Every structure is written in structure tokens, then in C-alpha cells.
Amino acid sequence: MRVLSVGSEIYPLVKTGGLADVMGALPAALAVEGVAMRALVPGYPAVLAAMTGAEVALSVADLFGGPARILAADPGAEPGGLPLFALDAPHLFARPGNPYLAPNGMDWPDNAQRFAALCRAGVLVAQGAIGGFVPDVVHAHDWQAGLVPAYLHYDERAAPPCVMTVHNLAYQGQFPADLLGALGLPAAAYAIDGVEYYGSIGFLKAGLQFADAITTVSPHYAVEIATPGGGMGLDGLVRARAGVMHGILNGLDTSAWNPATDAALAVPFDARSVAARATNKAALQARMGLDQRPGALLFGVVSRLAGQKGIDLILEILPLLAALDAQLAVLGSGEAAIERDVRAAMGRWPGRVAGVIGFEERLSHLIQGGADAILVPSRFEPCGLTQLAAQRYGAIPVVSLVGGLVDTVIDANPVALGAAVATGVQFGPVTADGLAAGVRRTADLFANPPVWRRMQRNGMALDVSWAQPAKQYARLYRALALN
Ligand code: ADP
Ligand code: GLC
């Protein structure tokens with residue numbers, strides 16, 4: 001069974017969030033299930049730099065305004081590496097930095113063409129243009145790959161079935177209607193049962209419309225996006241397609257995230273040596289300029305700084321953190337206004353609130369291995385990966401009751417505490433008051449070391465790996481390929 005996975009980011013080569021983690025982890029996870037997956041990603045400079053020894057698998061004279069090639073290689077350290085196709089199209093992707101944004105912070109003006117090109121390339125591979133890899137199923141991720149099912153639908157040639165995964169319904173890829181012809185879509189596609197979406201062209205809408213199966217990255221998010229409150233304008237279509245919708249929880253790459261071998265930690269540890277986290281906590285306090293106080297409850301945050309993530313709620317309750325004598329360490333990057341607010345809070349609470357504005361893989365690991373608790377007050381969260389890493393690293397996740405955060409944390413309610421199965425704290429509503437209540441409850445638990453230690457061990461014992469999700473994807477691919 002061969003599967004082509006199409007998406008715009010892949011860890012460790014290009015990452016702005018969890019999509020990259022999932023794209024990067026799926027091939028190895030599915031190999032265990034007998035599925036040979038290859039990922040097709042844009043040939044950004046960082047991707048091409050890793051494609052040493054690549055072969056040209058396909059050349060296209062003109063792809064949206066310039067020549068393009070699909071390169072094949074297996075970069076990466078593990079045996080077998082990361083089986084990759086890169087779309088080398090310099091006129092679209094030879095741009096360093098953020099994959100979506102120009103240096104002025106705005107979307108690249110030709111993003112429609114850039115990601116339509118990615119989809120076109122995916123369709124070529126799907127239709128068998130690369131003899132050595134003819135997929136049985138195509139798996140498209142998020143809006144950037146949303147036109148894959150649409151192109152396949154409007155094309156006469158035979159093609160394999162297509163799975164569309166929604167990692168985040170908030171990013172929909174909407175572009176002006178007059179691009180229809182330029183994107184190579186027929187006039188008939190501009191219709192409510194086509195790619196039309198509130199007067200424009202919707203890439204994600206198109207994907208949801210035409211995919212043979214739709215998955216989203218947690219069961220609870222699958223329920224939320226079928227409601228007007230959670231559907232972000234697409235809930236009607238999501239409901240119409242309920243028969244092909246599946247919620248499959250994300251896993252965590254447990255070799256990249258392994259506290260027993262993690263070189264980014266001051267000291268590695270496992271469930272038997274959780275006490276060693278104290279050394280990591282001290283290292284984290286030193287690294288981030290927090291007061292060296294072993295007993296202070298240290299909250300960590302590792303996050304894109306976007307409205308979705310509720311960072312503003314954390315900044316609102318800083319007086320409570322001070323009253324509890326707690327500390328806060330934030331690692332994040334994203335929207336300028338939130339970055340500014342985090343910096344301002346650091347200035348106001350020196351030694352108590354620390355922040356690093358930027359994207360630092362290693363520091364994200366030290367926060368997971370050194371902070372006592374990880375705050376995830378998201379307004380919505382399709383799955384979320386940082387609460388999975390927290391549990392694996394013995395940090396207590398404090399999460400809002402939305403999306404995948406509902407599915408992946410066992411709240412320290414009286415029943416769970418009685419049964420000694422709790423792994424974290426869940427709170428609702430997603431307001432500053434709701435978060436404050438969750439934080440107070442966390443402080444109470446922290447003040448009870450035997451209970452806290454038990455929760456840490458419970459979290460560390462969870463299976464947050466890709467083992468189960470990979471089985472679910474493999475089953476879905478096989479069911480589709482049989483039809
Ligand atoms: P999302 O995809 O919405 O950003 P996830 O929780 O699914 O949220 O995934 C976020 C991923 O990005 C995690 O692997 C997290 O550790 C990582 N991450 C987010 N912000 C940063 C940062 N500033 N530095 C390093 N890693 C980050
Ligand atoms: C998105 C979501 C996040 C999810 C990730 C990977 O970026 O915001 O919740 O974990 O994709 O699926």
C-alpha cells in the first residue's frame with residue numbers, strides 16, 4: 001500500500017506548528033503498518049538544502065509561470081530517512097523564512113498559485129507520473145493541499161481516492177474568484193457544490209467538498225466543527241459530509257520527544273527519576289532569567305502567538321500568578337501585538353515572568369522537561385501537541401476544555417483523583433476567570449507532593465505515540481483503496 005501525503009510543512013525541515021510534526025511523523029509511523037508513505041512538500045530553501053543526492057523524478061516545463069521539478073530523496077538520520085518529494089519551483093518557493101509570509105509580514109501575494117502548484121504536483125504523482133511511486137491513496141493536509149481533491153474531481157484521468165485532513169479549520173485559504181481560470185479550474189467549478197465559498201475560491205472548502213474521506217485531528221474537534229459555534233463558516237458542509245468524517249487523534253514523535261534521551265535537557269530522566277526534573281527546572285530558570293527558586297510553581301508555555309492560543313488570558317491573570325508566588329516562562333512567536341504584550345509583561349514582572357520571542361526547538365524541550373505545569377488556554381484546539389509532550393515529560397498540562405485538549409488530558413476531578421488516574425487540569429469556560437480557577441486548582445495540587453508526583457507518573461505512563469493513530473489511518477487507507 002502506497003500513500004502520497006501532500007502538505008506545506010514537514011519537521012524537521014520547515015515548521016511553524018503541529019502540521020509539520022504530523023507530516024514528519026506519519027511516514028515512519030505508517031511504515032510499521034505496512035504503508036509506504038511519501039510526503040510531497042514545497043521546495044523551500046531549507047527543504048532543498050536537505051535533499052542531498054536527490055533524483056529528478058519529474059520535470060514540468062511550466063507550472064504556474066515557471067519550470068518545476070519534483071525531486072525525490074530520503075533525508076534524515078533514521079534508517080530509511082524521511083521519504084520525500086520536494087516540488088522544486090524556484091519562481092514560487094525560492095524564498096527564505098516563513099513559508100507563507102513575505103518579509104513585510106503579509107501573505108505572499110501569489111499564495112494561491114504557490115499552493116495550487118503544490119496541489120497540481122500532487123495530482124501528477126497521484127495519476128502515476130512517477131513510475132516508481134504510484135500511490136493507492138492520496139492524503140492532503142490543510143488548505144494548502146485543499147485543491148488536490150478538487151483537481152482530481154475535475155480531471156478525467158483515473159486517480160486514487162483522496163483523504164483530506166483538517167488540522168485547523170481557522171485557516172481556509174480564500175482567494176479572489178477571478179483567479180478561477182488562472183488556477184486551472186473549469187468555470188463550472190465556481191458553484192456552491194464546487195470550490196466557491198462566500199463569493200471567493202476556498203481551498204479548504206474545495207478539499208472538504210471533494211475528498212473521499214475527511215479526517216480531523218481529534219474526535220472532539222470533529223464534533224465541534226459540525227456546529228455553528230465551531231465550524232467557522234464551514235459547519236454546514238462538515239455536517240453534509242458527516243458520513244465520511246473521522247476524528248483521529250494525533251500522536252507525538254516519541255523518539256524526538258523522549259525525556260530519557262533528550263539532549264536538550266540539562267539532565268535526562270524517566271518515570272523512575274522524575275525528581276531529576278529539579279535540575280532541569282533550575283536550568284530553565286537560569287536560561288530564561290527567572291529567579292532561582294526551586295519551590296515556586298513554574299508554568300511554561302510553548303506556543304504560536306495567535307488569538308487561538310489564549311495567551312492574552314494568561315497575561316490577564318499575572319496578578320494571580322504573583323499572589324500564588326508562581327513563575328511563568330513563555331516561548332512563542334507570531335502576531336506582533338501578542339509578542340509586544342508578552343515583552344511588556346516581562347518588563348513588569350522581572351524574575352517572575354520570562355519570555356523568549358522566537359522559534360527554538362531546544363528550548364521548547366527544556367520547558368517541557370523543567371516547568372512544573374504547561375498552560376494551554378486555547379480558545380479552540382484541533383488537537384494540540386504541547387499537552388502530549390507535557391505529559392510525556394512529567395509536566396502537568398493545564399488546558400481549556402476544547403478540541404483535542406478534551407480527548408488527551410485526564411482532569412484531576414475527585415473521581416479521577418480517587419482512582420489515581422488524573423494527568424492534568426482542564427478548565428472552562430475559556431475566559432480569564434476560567435483559567436484563574438484552573439490555575440488555583442493547579443496550585444492546590446502542587447501543594448500536595450504525593451498527589452502531584454502521582455499525576456506526573458500517570459501522564460508519563462500514557463501512550464501518546466503514533467502507534468494507535470497510525471493503525472487508524474492505515475485502516476482508513478485500506479478501506480478507501482478497496483472501494
Ligand atoms: P499548532 O499547530 O496550532 O501551533 P500544536 O500544539 O499542534 O499547535 O503544535 C505546536 C508545535 O510547535 C509543537 O511541536 C510545539 O512544541 C511547537 N512550537 C510552537 N511554538 C514554538 C516555539 N516558539 N519554539 C519552538 N517550538 C514551538
Ligand atoms: C494545527 C492545530 C493543532 C494540531 C496541529 C497538528 O496547527 O492548531 O491543534 O495539533 O495542527 O494536527
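Structure data summary
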read-out: Net dipole in debye of the range 271-461 [+1 Lys, Arg Cβ; -1 Asp, Glu Cβ; about Cα centre; nearest 20]; value: 580 debye
read-out: Efficiency of FRET between GLN468 and ALA158 - r from beta-carbon atoms, R0 35 angstrom, step 0.05; value: 0.60
read-out: Which of ALA420, PRO450, ALA437, positive extreme of dipole for the range 354-467 (C-beta unit charges); value: PRO450
read-out: Least to most buried among LEU179, LEU290, LEU305 (fewest other Cβ within 10 Å first); value: LEU179, LEU290, LEU305
read-out: Amide H within-cut-off set for ASN168, under 5 Å, with H built and near neighbours excluded; value: none
read-out: Contour excess over end-to-end distance, with Cα ends at VAL223 and ALA31 and 0.36 nm allotted per residue; value: 66.2 nm
read-out: Rounded to 10°, Cα long-axis angle of helix 467-482 versus longest principal axis of the chain; value: 20 degrees
read-out: Over the chain: helical MRE at 222 nm, DSSP H runs n ≥ 4 each giving -39500 (n - 2.57), nearest 500; value: -10500 deg cm²/dmol
read-out: 20 °C / 1.002 mPa s Stokes-Einstein diffusion coefficient of the range 245-335, Kirkwood radius on C-alpha pairs, µm²/s; value: 138 µm²/s
read-out: The range 151-166-the range 79-117 distance, computed between alpha-carbon centres (Å); value: 22 Å
read-out: The chain: angle of helix 432-446 to the longest principal axis, Cα-based, in degrees nearest 10; value: 60 degrees
read-out: SER59-ALA337 FRET efficiency (beta carbon distance; Förster radius 51 Å; 0.05 resolution); value: 0.70
read-out: Exposure proxy ranking, count of Cβ atoms within 10 Å, fewest first, for VAL301, VAL409; value: VAL301, VAL409
read-out: Distance between modelled label sites at VAL244 and ASN104, nm, 7 Å Cα→Cβ extension; value: 3.9 nm
read-out: Nearest-20 debye value, the chain charge dipole, Cβ charges on Lys, Arg, Asp, Glu; value: 1000 debye
read-out: Residue (of LEU385, GLY295, LEU315) at the positive-pole extreme of the range 286-394, dipole from beta-carbon charges; value: GLY295
read-out: Descending Cα extents along the principal axes, the chain, whole Å; value: 65, 46, 45
read-out: Which of TRP143, TRP349 has the fewest Cβ neighbours within 10 Å, and the rest in rising order; value: TRP349, TRP143
read-out: Rounded to 10°, Cα long-axis angle of helix 277-288 versus longest principal axis of the chain; value: 70 degrees
read-out: Beta bridges by DSSP in the chain, antiparallel share as percent, to the nearest 5; value: 25 percent
read-out: Charge dipole (debye, nearest 20) of the range 1-94; +1 at Cβ of Lys and Arg, -1 at Cβ of Asp and Glu; value: 80 debye
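Only the coordinates and a few stated rules stand behind these numbers; no lab work does. It should be emphasised that the depicted structure is a prediction, and the values quoted were computed from it without experimental measurement. All Cβ positions, glycine included, derive from the backbone under ideal geometry; neighbour counts span all protein chains shown.
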